[in-house]
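Everything below concerns the one structure shown next.
The values are calculated or read from the model by the stated rules, or taken from the named source; none is laboratory data. In this text, all values refer to a predicted model and were calculated from it rather than measured experimentally. Here Cβ is always computed from backbone atoms with ideal geometry, including for glycine, and neighbour counts include all displayed protein chains.
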């Protein structure tokens, strides 16, 4: 039995050849490891690619979200609208400032923050909206930016999973006042360790982020404000610059694989397949299906040597970390429904049609083996 990993770096790394080793040798010889030319070069390249005026590299995606909120003076007493279904880092960034996350339910077709539900969550304490482009699909940023403008709110995009997704002719990470992303190794654009960045068109906010990431200092040993140590490494920046030109090619591979999954599973009544509004709106960081038989299917696929994961098994409002907010099961039923039924199938650049066919065949065998009820497509 040939195994199918959930994710593999092999094809991407092979495409890079000796370039990473050349970068390391230059990095080693240069003897300048923090906030040097490599960081600046990547920041400029990524800003151009993303369609923004500024990019500021930071240590990781959570720091990017947190520093973006800090730059907007978010703090105790403020409220930030967040998705009810997201990775917990979105909420952690809010509470790290002392502000309060206010969950809003998703649109079940996209799994993204539902703009139609935002107005009802806005109070006099609301200061920002933090949409997450979940699984690689763009939120409806036109609607979200209109709501923010109407109420005088900041917008911080969490773009960690959607490098290159497009909405209304613009790439995600270029709509909000400040936008955070992660370059964790398995992201569509991944470093070889933790890394992140913030993008913006506002030069004053960009400068504020540069201060915050570096101890609140623009000149060594002179500190203008209480800052943090959250700096993108020179080595990671150089590696990201090397990988950036490959990103479109890798994205097209992801799109092709997703299209194959959808075509080959379209007749399956027991699963809900992901939807997307247009080919360019989704970069398929994850291929997420839903089924009431999720746990049994995951166990079966594992026994067949097929990797799969759950993104994410418990929504933030039910995490022990946020029990003090007082939420209970049933408070956000759509987020809970997604968490109870979602399953991510293997999808990565370099995955072969044969491997994908093996996954599809295993999913079909599981449901053909008996009596699974249809899932509510809600």
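Based on what the data block shows, is residue 161 under 19 Å from residue 62 (Cβ atoms) and within 15 Å of the chain's Cα centre (by Cα)?
When the stated conditions are applied, residue 161 passes them.
Would you confirm, using the coordinates I've provided, whether residue 198 is in contact with a strand residue (DSSP E or B) (Cβ under 9 Å, 6 or more places away or on another chain), in a helix (DSSP H, G or I) and buried (at least 23 other Cβ atoms within 10 Å of the Cβ)?
Taking the combined requirement at face value, the residue does not satisfy it.
Considering only region 210-257, state which residues are assigned to a helix (DSSP H, G or I), more than 17 Å from residue 198 (Cβ to Cβ) and in contact with a strand residue (DSSP E or B) (Cβ under 7 Å, 6 or more places away or on another chain).
234, the sole residue that qualifies.
Does residue 217 satisfy the criteria of being closer than 28 Å to residue 282 by Cβ, in the same structural domain as residue 58 (by TED's automatic domain parsing) and surrounded by fewer than 21 Cβ atoms within 10 Å (Cβ to Cβ)?
Spelling it out, it is not the case that residue 217 is closer than 28 Å to residue 282 by Cβ, in the same structural domain as residue 58 (by TED's automatic domain parsing) and surrounded by fewer than 21 Cβ atoms within 10 Å (Cβ to Cβ).
Residues that are in contact with a helix residue (DSSP H, G or I) (Cβ under 6 Å, 6 or more places away or on another chain) and surrounded by 13 or more Cβ atoms within 10 Å (Cβ to Cβ): does region 1-9 have at least one?
Taking every residue of region 1-9 in turn, at least one turns out to be in contact with a helix residue (DSSP H, G or I) (Cβ under 6 Å, 6 or more places away or on another chain) and surrounded by 13 or more Cβ atoms within 10 Å (Cβ to Cβ).
Go over the candidates 205, 178 one by one and state the one that is crowded, with 24+ Cβ neighbours inside 10 Å, closer than 18 Å to residue 153 by Cα and at pLDDT 95 or above.
From the options 205, 178, the qualifying one is 178.
List the residue pairs whose Cβ atoms are under 7 Å apart, where the first residue sits in region 298-318 and is on the phi > 0 side of the Ramachandran plot, the second is part of a strand (DSSP E or B), and the two are 6 or more positions apart or on different chains.
These pairs meet every condition: 305/4.
When you scan region 214-251, how many residues do you find that are modelled with pLDDT under 95 and closer than 21 Å to residue 161 by Cβ?
Summing the residues that are modelled with pLDDT under 95 and closer than 21 Å to residue 161 by Cβ in region 214-251 gives 0.
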